[in-house]
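Notes follow once the structure below has been shown.
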Amino acid sequence: MMDSAFASASGGVARTIRAHREARGWSLGALAGRTGLSKTLLSTLESGAGNPSLETMWRLARAFDITLGTLLGEENVPETRVIRADDGPSMTSESGLVARLVLAEGRSHRTEIYDVRVLAGTPYTSLHPPGTEELVYCTEGSLEAGPEGREVELSAGDALWFPGDVTHRYFSREGARLLSVMSYPPARYGDVSGSPETYRTARQQGG
């Protein structure tokens with residue numbers, strides 16, 4: 001689901017998706033195979049008429065081997081930037097987690113900052129590209145976060161660093177809000193190896 005800010009940027013996202021696909025010489029079918037998304041959905045997104053979920057955007061970013069912020073066209077950041085409370089596109093995962101892009105710094109170290117809302121009682125699990133590091137800072141409520149099987153309880157004011165390229169999980173019994181700071185290795189613009197199945201984007205768990 002997209003909010004108005006993300007909807008207004010959909011044309012730019014559509015152009016970015018097409019540009020990255022064509023720069024690699026991929027057909028829609030080839031991109032569909034790398035992402036696990038249908039050609040119909042990809043065609044709709046490239047036309048600017050789509051309504052992509054967070055999972056869809058992560059799959060595309062992973063296939064292109066770029067950050068989510070780059071896919072959203074946020075790679076060129078000015079030296080000084082004021083970020084108001086309602087600025088930045090927001091996306092909603094299938095589990096209901098809402099992430100708002102606060103900052104994407106797309107230079108050599110590639111950093112993105114997200115303002116994230118975790119719904120009560122709904123687990124959220126994710127896995128990012130190799131070399132990704134993540135810092136989670138809890139701003140409201142409490143939650144369990146970290147690599148699966150090694151989650152840590154965080155309250156407002158607590159922070160946790162962990163490697164983002166291992167499967168990790170967020171869960172809050174009563175709902176929580178956090179800042180997620182993700183640092184990526186330098187971008188590579190060559191071919192991307194591996195199948196879509198090896199990269200599990202955010203998913204909803206039962207139970």
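Only the coordinates and a few stated rules stand behind these numbers; no lab work does. It should be emphasised that the depicted structure is a prediction, and the values quoted were computed from it without experimental measurement. Cβ sites come from the backbone with ideal geometry, for glycine too, and all protein chains shown count toward neighbours.
Could you give the length gained on full extension between D87 and L179, defined as 0.36 nm per residue of separation minus the Cα-Cα distance, in nm?
Numbers: separation 92, 0.36 × 92 = 33.12 nm, distance 1.48 nm.
The span from D87 to L179 would gain 31.6 nm if fully extended.
When Rg and the Kirkwood Rh are both derived from Cα coordinates, the Rg/Rh ratio for the range 90-175 amounts to 0.94.
I'd like the FRET efficiency for A49 and A120, computed as 1/(1 + (r/R0)^6) with the beta carbon distance as r and R0 of 30 Å, rounded to 0.05. Each step should come with its number before you reach the end.
Details: r = 33 Å, r/R0 = 1.11.
So, using R0 = 30 Å, E works out to roughly 0.35.
Summing +1 for each Lys or Arg and -1 for each Asp or Glu, what net charge is found among the other residues whose Cβ lies under 12 Å from the Cβ of G29?
On the way: positive: R21, R34, K39; negative: none.
Charge balance near G29 sits at +3.
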